[in-house]
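What follows is a single structure, written as structure tokens, with notes after it.
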Amino acid sequence: MAQPQTHTIQATVPAVFTQTLAVQDQDMRNLYEKAKRDQWNASRDIDWSLDLDPQHGILPDGLIDIYGTPYWERLSPTQRNELNRHFSAWRISQLMYGEEFALLVCSQIANIVPGIDAKFFMATQVVDEARHAEVLARYIHEKIGIVYPLTSSLKQLFDQILSMPQWYLKTVGTQLVAETLAVSLFRMLADHSQEATIRAICKRILADESRHMGFGMLSLPEQIAALSERERREVEDFACEAASGLLRGQFPREAYEAVGFSTADIEDIKRLRLEIAQKSEYVAFRKYFKKDFHASLWNNLARVGLLSDYTVEKLAAMGITAPQQSAAAA
Ligand SMILES: [Fe+2]
Ligand SMILES: [Fe+2]
């Protein structure tokens, strides 16, 4: 079991106080209204009475890298469920840290962003992200009972975003890239997870995440249009860097170790995982998730004004092409 861990990021963010509190941006104010209307309570609105069924896994088996390979075939049903439980604990732990990161970064954005409507909305996102971290933490502690530590690649990305002084870079990393991914991911988990409580949780989180993605869509276009060529390039580079960091994913080594895979097997699984990713030999819903995320990221970059020839080239190197081309190729 992981020991409680804390680390401190020495971030300095400006606090912009505005004396203009009348509505400036009606669309952003409408998003704030929606956020207030659609609040939910993790203690009241989730049915916590269900216990995990030892006969079934939690997240979809198809997300486990060895699914469908000889490694999977040689496991008994009990061993598969055991691996699923550790894999799910590992995956949900990373999501939980992502929610805590979002809580911290949104509290920074509330300070830095200049307009009152955006500040009001950010205040609601801080509460939303606290609720997401709370609900996933409760699920992990009460239902699964296994917590895994934050992976080093996610930690690096979170620390980098928390250290940036510009709100629009934080928003590109968080609301544009990470939350576009979160929407596709929570949709897949809500539809395909094996366990009812986590399906209900993901469905609730999903509804909030689309609002958060909406903040990026409303706040970024004007800001990006006002940037100098050099600043804009910096944003384009960072958007692609964040996307590739998240796409590369992380390897759940500790979950394989926990169920007794040898070091040699784990190295082989790591190799196999890359091979499967290159050929995109995933189960249907995972292929759909990838296509869905690629298309949303492409469209959202276009909507905020970040889809230049430069980014198109960088996205192509990551295997992300225009949605209609992906559809034709599929
Ligand atoms: Fe969230
Ligand atoms: Fe969010």
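For the chain, the fraction of 1.4 Å probe accessible surface lying on carbon and sulfur atoms is 51 percent. Comparing ALA242, ILE201, TYR256 along the charge dipole axis of region 201-271, the residue lying farthest to the positive side is ILE201, per the Cβ-charge model. Taking the Cα centre of region 26-279 as reference, the dipole from Cβ charges on Lys and Arg (+1) and Asp and Glu (-1) amounts to some 200 debye. Dipole check for region 21-102: with +1 at the C-beta of Lys and Arg, -1 at the C-beta of Asp and Glu, and the Cα centre as origin, the magnitude is about 40 Debye.
Taking a straight line from the alpha carbon of LYS34, these aspartates and glutamates sit under 14 Å away, with near neighbours fewer than eight places off in the same chain left out: ASP117, ASP128, ASP208, GLU209. For region 91-127 and region 232-301, compute the distance between their C-alpha centroids and round to whole Å. Going from one Cα centre to the other spans 25 Å.
Distance from the alpha carbon centroid of region 1-66 to that of region 145-198 works out to 10 angstrom.
Is there a quick way to get the dipole size of region 225-291? I mean about its Cα centre, with the Cβ of Lys and Arg at +1 and of Asp and Glu at -1; what is the value in debye to the nearest 20?
Approximately 360 debye in magnitude.
What the Cβ-Cβ distance of THR18 and GLU234 gives, at R0 = 22 Å and to the nearest 0.05, is a FRET efficiency of 0.30. When the scattering of region 191-230 is computed by the Debye formula from its Cα atoms alone, each counted once and equally, what is log10 I(q)/I(0) at q = 0.17, 0.22, 0.24 Å⁻¹? Results for region 191-230 at q = 0.17, 0.22, 0.24 Å⁻¹ read -0.59, -0.72, -0.78. Taking the charge dipole of region 20-66 about its Cα centre, with +1 at Lys and Arg Cβ atoms and -1 at Asp and Glu Cβ atoms, the residue from PRO60, ASN30, ILE46 reaching farthest to the positive side is ASN30.
Only protein heavy atoms count here; on that basis, with a 1.4 Å probe, PHE289 has an accessible area of about 40 Å².
Return the ratio Rg/(2.2 N^0.38 Å) for region 26-279, where Rg is computed over Cα atoms only.
Against the empirical 2.2 N^0.38 Å value, I get 1.07 for region 26-279.
Heavy-atom accessible surface of the chain, averaged per residue, reaches 48 Å², computed with a 1.4 Å probe. Modelled label positions at ARG303 and ASP45, each set 7 Å beyond Cα in the direction of Cβ, lie 2.1 nm from each other. Given the pairs LYS36/LYS143; LYS119/LYS203; LYS170/LYS314; LYS155/LYS287, which are separated by over 23 angstrom at their Cα positions? Violating the 23 Å limit, Cα to Cα: LYS36/LYS143; LYS119/LYS203; LYS155/LYS287.
Here the peptides 208-215, 31-38 are ranked by packing, the mean other Cβ count within 10 Å, and the order with the highest first is 208-215, 31-38.
In this structure the amide hydrogen of GLN24, modeled in the peptide plane, comes within under 5 Å of the amide hydrogens of ASP117, none closer than 5 places in sequence on its chain.
The values are calculated or read from the model by the stated rules, or taken from the named source; none is laboratory data. In this text, all values refer to a predicted model and were calculated from it rather than measured experimentally. Here the Cβ is made from the backbone with ideal geometry for all residues, glycine too, and neighbour counts use every protein chain on show. Accessible surface areas use protein heavy atoms only, side chains included; no ligands, DNA or RNA. Shrake-Rupley method; radii C 1.70, N 1.55, O 1.52, S 1.80 Å.
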